[in-house]
Amino acid sequence: MESDVLVVDDSAAIRKILQRVLRQTGMAIRTIHEAGDGQEALEVMNAHKVDLVLTDINMPKMDGLQFLASVKASAHWRQVPVVMITTEGGETKVGEAVKLGAAGYVRKPFTADQIKEKLAGILESAVPL
Amino acid sequence: MNLQPILVESLSQATAQVFSTMLGVEVVRGEVTAEDGKQEANDGVVSFIGLAGEWAGTGSVSCSPVLACRICATMLMCEAPAVNEEVLDAVAELTNMIIGSVKTDMETHLGPLGLSIPTVVFGRNFKTKSAGSSEWIVVKFHWEDETLQVRICLAPSGRSPHVMLHSGGTQACALDV
């Protein structure tokens, strides 16, 4: 089954790199949506079906942790896996993301293999929406 | 605590790792210097990111327009013939990753630190000035014929610098990216 992925980062450069990496993973991906902050990401999720989210933490308007909390608080979206991809490596932010229900955590800078490894199994084990 | 050797090592490792991982390029570390916050004329691309906590300060990456375009083209695997929004975004993200990595290293010594959203400036003959009195550590890196400067200043909160921009040229602009 093909999946729809949402990439959330205020950097267009990182969104572009993640698009490329996702296409290289070999995963069956139908659409890759993009958003520049958490608020925009929620709007995308309201408008489209999303099976997996990759999100930054430090973003304007609504950061990645606030966005993650909103997703996990929603009965409609709480099963959607959210992977944090961020420069934030501190235990506090990692712990908060895990506590809020993040499916995984990748630190920037990242390699394509690190992203592939992290995503391996996540889409397959996700509960169908 | 003498932070300088720790910062130099952290900056060096972070810069080398970001270039190696995200661009597939090995940069060569050059001169390490300490500077005060006096005004200097700049040409090219300068990116700033703030650090805040019990210690606070600013991290910065600066380079020529040619190197900024090269960074963007290599990182995004695209054409970048001139400095545009995509090039500024790539330099801002590079700064975010380098200083973000240093921030994580320094948190083990200084406690939790917050990281701001980067601001990037492109122009000619503009000056930056630190409002604080603390010293900046400057590490140069060479990529073939071009040089990248990575700077950081950290001080106990209350006497940390905040960067102010004075445009003396014709094409200075600032973007939040």
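The values are calculated or read from the model by the stated rules, or taken from the named source; none is laboratory data. Values in this document were obtained by computation on a predicted structure and should not be read as measured data. Cβ placement follows ideal geometry from the backbone for every residue including glycine, while neighbour counts extend to all protein chains displayed.
For the subset of segment A:107-125 comprising residues that are within 15 Å of the chain's Cα centre (by Cα) and farther than 16 Å from B:MET97 by Cβ, which member is modelled with the lowest pLDDT? Here the answer is A:LEU123. Within segment A:79-106, restricting attention to residues that are within 13 Å of the chain's Cα centre (by Cα) and within 14 Å of chain B (Cβ to nearest Cβ), the residue that is farthest from B:ALA90 (Cα to Cα) is A:TYR105.
So which of A:VAL44, A:VAL80 ends up being more than 25 Å from B:VAL18 (Cα to Cα) and part of a loop (DSSP other than H, G, I, E, B)? Exactly one residue qualifies, and that residue is A:VAL80.
Kindly indicate the residue of segment B:99-117 that is at the interface with chain A (Cβ under 9 Å from one of its Cβ atoms) and buried (at least 19 other Cβ atoms within 10 Å of the Cβ) and also nearest to the chain's Cα centre (by Cα) among those meeting that condition. The selected residue is B:ILE99. In this entry, A:ASP56 passes the filter for residues that are within 14 Å of another protein chain (Cβ to nearest Cβ) and touching a helix residue (DSSP H, G or I) at 6+ places or on another chain (Cβ under 8 Å). Among the conditions (1) under 23 Å from A:THR111 (Cα atoms); (2) assigned to a helix (DSSP H, G or I); (3) within 13 Å of chain A (Cβ to nearest Cβ), B:GLU9 misses just one, which is (3). Given the condition free of Cβ contacts under 8 Å to residues at least 24 places away in the same chain and outside any loop (DSSP other than H, G, I, E, B), answer yes or no: does some residue in segment B:78-93 qualify? Yes, segment B:78-93 contains at least one residue that is free of Cβ contacts under 8 Å to residues at least 24 places away in the same chain and outside any loop (DSSP other than H, G, I, E, B).
Scanning segment B:93-125 for residues that are of a type in the set (Gly, Ala, Ser), within 18 Å of B:ALA52 (Cβ to Cβ) and out of contact with any helix residue (DSSP H, G or I) (no Cβ under 7 Å at 6 or more places or on another chain) turns up B:GLY100, B:GLY111, B:GLY114, B:SER116.
In segment A:85-100, is there at least one residue being closer than 20 Å to B:GLU86 by Cβ and not polar (S, T, N, Q)? Checked against the condition, which is being closer than 20 Å to B:GLU86 by Cβ and not polar (S, T, N, Q), segment A:85-100 yields at least one hit.
Taking B:GLU93, is it among the acidic types (Asp, Glu), more than 16 Å from the chain's Cα centre (by Cα) and within 13 Å of another protein chain (Cβ to nearest Cβ)? When the stated conditions are applied, B:GLU93 does not pass them.
For the condition touching a residue at least 40 places away in the same chain (Cβ under 8 Å), in a strand (DSSP E or B) and within 17 Å of B:SER10 (Cα to Cα), what is the one hit in B:VAL32, B:VAL121, B:VAL45, B:VAL102? I'd like the intermediate steps shown before the answer.
Values: B:VAL121 fails: within 17 Å of B:SER10 (Cα to Cα); B:VAL45 fails: within 17 Å of B:SER10 (Cα to Cα); B:VAL102 fails: in a strand (DSSP E or B).
Matching residue, one of B:VAL32, B:VAL121, B:VAL45, B:VAL102: B:VAL32.
Could you say whether any residue in segment A:15-31 is aliphatic (A, V, I, L, M), under 21 Å from B:GLU85 (Cα atoms) and within 14 Å of chain B (Cβ to nearest Cβ)? Let's see the steps before the verdict.
Let us first name the residues in segment A:15-31 that are aliphatic (A, V, I, L, M), namely A:17-18, A:21-22, A:27-29.
This time we only want the ones that are under 21 Å from B:GLU85 (Cα atoms), so: A:17-18.
Filter once more, so that each one left must be within 14 Å of chain B (Cβ to nearest Cβ): A:17-18.
Yes, segment A:15-31 contains at least one residue that is aliphatic (A, V, I, L, M), under 21 Å from B:GLU85 (Cα atoms) and within 14 Å of chain B (Cβ to nearest Cβ).
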